[in-house]
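The values are calculated or read from the model by the stated rules, or taken from the named source; none is laboratory data. The structure displayed is predicted, hence computed values, not measured ones. In this analysis, Cβ positions are derived from the backbone assuming ideal geometry, glycine residues included, and neighbour counts consider all displayed protein chains.
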Amino acid sequence: MQNKLISKILMVATPIAGVFGALALMESATPQSVAQKLQSPPNCSARTITGDYAYTIEGTLLIAPTVTLPIHGISLAHYDGKGNKTQLDHGVVNGQEPQEKWTLGSGTYTVNEDCTGWQEVFVNGSPDPIRSHFIIDKSGREIREVIDANAVTAIGAKVE
C-alpha cells in the first residue's frame, strides 16, 4: 500500500519538477543573454538609416514655464546614409492648423555604433534648429526619437 502511495506522489511530482527545472534553466539563461548582447552591441552607422521614413509626432511644446501647447503631426524624412537629412512636416499645435500646409527642413544626423544617435534640423521660418536624440530599432526599419527641450516624441517607420 505504501508503494502505491509513493507511486501516485511521484506521478504528480515528476511533471511539476520538470516544469520548475525548465523554468530554472530559462531564468539562468536570461541574464547571460542580456549580458552577451551588451558586450557585443549592434553595429550601426549613418548607412543604417538610409531612405525615407514616415513619422508620427506627439507631445507637448514647452513655450514658457507655465505655458504648454499640445502638438500632433506627421513628417516624411529622407536620410541619405551619409549624415544628411531632409524632411517635410505638417504639425498641428494646440488644435490650430499651420499657416503653411507643409514645412521643409534640413540638417545633419550622427549614428553611434550602438544604434543611438542625434540630429539637428533647421526648419524654414524658425531661427533655432530642432535637436533630438534617437534610437534605431528593428534593424533600421524604425526610429524612436525624443525632441530635446520639449516633451515631444516621434516614431518613424521605413517607407516601403
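Is there a residue in segment 43-55 that is modelled with pLDDT under 95, under 17 Å from the mean Cα position of the chain (by Cα) and of a type outside the set (Gly, Ala, Ser)? Yes: segment 43-55 contains one or more residues that are modelled with pLDDT under 95, under 17 Å from the mean Cα position of the chain (by Cα) and of a type outside the set (Gly, Ala, Ser). Exactly one residue out of 140, 105 is modelled with pLDDT of 95 or more and either outside the structural domain of residue 70 (by TED's automatic domain parsing) or over 20 Å from residue 59 (Cα atoms) (or both), and it is 140. Considering only residues that are crowded, with 17+ Cβ neighbours inside 10 Å and in contact with a Ser or Thr (Cβ under 9 Å, 6 or more places away or on another chain), which ones fall in segment 133-149? Across segment 133-149, the qualifying residues are 134, 136, 140, 145, 147.
Is it the case that residue 76 is surrounded by 16 or more Cβ atoms within 10 Å (Cβ to Cβ), modelled with pLDDT under 95 and aliphatic (A, V, I, L, M)? Taking the combined requirement at face value, the residue does not satisfy it. Among (1) surrounded by 18 or more Cβ atoms within 10 Å (Cβ to Cβ); (2) in contact with a helix residue (DSSP H, G or I) (Cβ under 8 Å, 6 or more places away or on another chain), where does residue 119 come up short? Condition not satisfied by residue 119: (2). Selection of segment 64-81 for residues being in a strand (DSSP E or B) and farther than 16 Å from residue 98 by Cβ yields 64, 67, 68, 77, 78, 79, 80. At least 1 residues being free of Cβ contacts under 8 Å to residues at least 60 places away in the same chain and out of contact with any His (no Cβ under 7 Å at 6 or more places or on another chain) is the threshold, and among the strands (runs of 3 or more DSSP E) wholly inside segment 118-160 those reaching it are 130-137, 142-147.
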